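Have a look at the structure below before the remarks.
Readers should treat all values here as calculations from the given coordinates under stated rules, not as data from a laboratory. From a predicted model like this one, the values you see are computed outputs, not experimental measurements. When we count neighbours, we look across all protein chains shown, and the Cβ atoms used for this are built from the backbone with ideal geometry, even at glycine.
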Amino acid sequence: MKGCEECPKSEDVWLEAARLMPADQAKAVIAQAARQLPSSVRIWIKAADLETELKAKKRVFRKALEHIPNSVRLWKQAVELENEEDARIMLSRAVECCPTSVELWLALARLETYDNARKVLNKARENIPTDRQIWITAAKLEEANGNNHMVDKIVDRALNSLRANMVEVNRDLWIKDAEDCEKSGSIVTCQAIIRAVISVGIEEEDRKHTWLEDAESCATHSAVECARAIYAFALAEFPSKKSIWLRAAYFEKSHGSRESLEALLQRAVAHCPKAEVLWLMGAKSKWMAGDVPAARSILALAFQANPNSEEIWLAAVKLESENNEYERARRLLQKARASAPTARVMMKSVKLEWCLGEIQNSKTLLVEAVRHYSDFPKLWMMKGQIEEQQGEKEAAREAYNQGLKKCPKAIPLWLLLSRLEEKNGQLIKARSILEKARLKNPQVPDL
């Protein structure tokens, strides 16, 4: 209290004195302080804090605003105590006293009807031409009232107006705003912002790379619609880039619905018919949803675009065999052997016949397969296993040995041969096979 006498103009001393006093005396101290320092915001706020009744708090704030009408902090705290109607009246006064406070303008717009809110935001823009939040609020307002066609126009005008007022358009800040719009449910606004700013300040050659990174970053912030808008924009700019379609497809797979994924893949294969993986994803999505005929027809279209693709042949075979359509699978493999013969196609053909119990067919296929693809160890392994199954130990041994001549690095082949000898009681022979394998493949723990 001595300090308050000696330094009556020190806000800190008055506040400290009030803090040390019991509540009823503190009020008297703060009242004195307010007389000495009528323009101290902190002292008026302390005075309001000391009041216990709402009515008294409101009275303190009203008095404070008579002395300091341009304090945004006082207006905000005063408005928070009011009901909606009084808050609106107070805010219309507040923006007259503090015309450069974006927060007060936006708070007022939120409480107004649609038409009045538009007027408030227009006024706010006249008073603060350099603030982007006012424009974004205007876009959200139009969206909330169903005027989606206005949103893009407002965002474009915002960028032009800010540039005209010498405000630099900071791309990262705008993307962050778009994420905030999405969180508050303004999807159209968030997409419009992304379209407007995504190319700002980016070199031609960095566009694809930067956009994919932006989309990833939005996805990690759970801003799914922002990421989707970035992919849509990138795909419009680079419709024939398989890598972007793929990333967009994986994104839809993780964050979208089955329908959105399938619609995207349909557009993808139209632009990149040679990208097998896009066809396969589409077929798999249909299959997983239990729509086998649709999966079949996607693969049929894929064949037309990629007649010699091993992947597509094998996917079609897998679809048929897993749905117990073995005859269809057989016919497909037959065609594949004729038009796109590869080691894997041969292997699947042998495997199918073997699983169906057609041992003779599988043996015939194996003879042809090992002639063409002698360096594909799985064929030799199957040849040996089929002989073993039929009790032809000698033929099995011969198959494994021939395979090892061609594929000395195939560890499973060495193991199969050594186990064959072990089953026949030839332990010494089995051990020497493993020794030999170890010499040729010294770094393999399995051996």
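Descriptive notes on the structure:
- Highest average first, the peptides 262-269, 124-131 ordered by how many other beta carbon atoms sit within 10 Å of their residues are 262-269, 124-131.
- Taking 31 Å as the limit for the C-alpha separation, the pairs 241/284; 242/363; 241/406 exceed it in the case of 242/363; 241/406.
- Note on residue 423: aspartates and glutamates with a C-alpha under 14 Å away, same-chain residues under 8 apart excluded, are 388, 392, 394.
- Rounded to the nearest 10 degrees, the angle from helix 427-440 to the longest Cα principal axis of the chain is 60 degrees.
- Members of 348/405; 351/378; 27/58; 58/123; 383/440 lying beyond 20 Å, as alpha-carbon distances in this model show: 348/405; 58/123; 383/440
- Prolate/oblate/rounded label for region 1-124 (Cα gyration tensor, a/c 1.5): prolate
- In the chain, the longest principal axis of the Cα atoms and the axis of helix 114-127 are about 80 degrees apart.
- Lys, Arg +1 and Asp, Glu -1 on Cβ, resulting dipole of region 129-237 about Cα centre, debye, nearest 20: 360 debye
- Taken one residue at a time, the phi angles of region 251-261 give Karplus couplings (6.51, -1.76, 1.60, θ = phi - 60°) of 5, 5, 4, 7, 10, x, 9, 4, 5, 5, 5 Hz. Gly and Pro are set to x.
- In this Cβ point-charge picture (+1 for Lys and Arg, -1 for Asp and Glu), the chain has a dipole of about 1380 debye about its Cα centre.
- Burial ranking of peptide ranges 231-237, 166-172 (average Cβ count within 10 Å, highest at the top): 231-237, 166-172
- Integer Hz, Karplus 6.51/-1.76/1.60 couplings in order for region 47-61, x for Gly and Pro: 4, 5, 4, 6, 6, 9, 8, 4, 4, 5, 4, 4, 4, 4, 5
- The mean sequence separation of alpha-carbon pairs under 8 Å and at least six residues apart, normalised by the residue count of the chain, gives a relative contact order of 4 percent.
- [x] 1.70; [y] 1.19; [z] 1.38, with the label sought being that of the calculated Cα Rg over 2.2 N^0.38 Å: [x]
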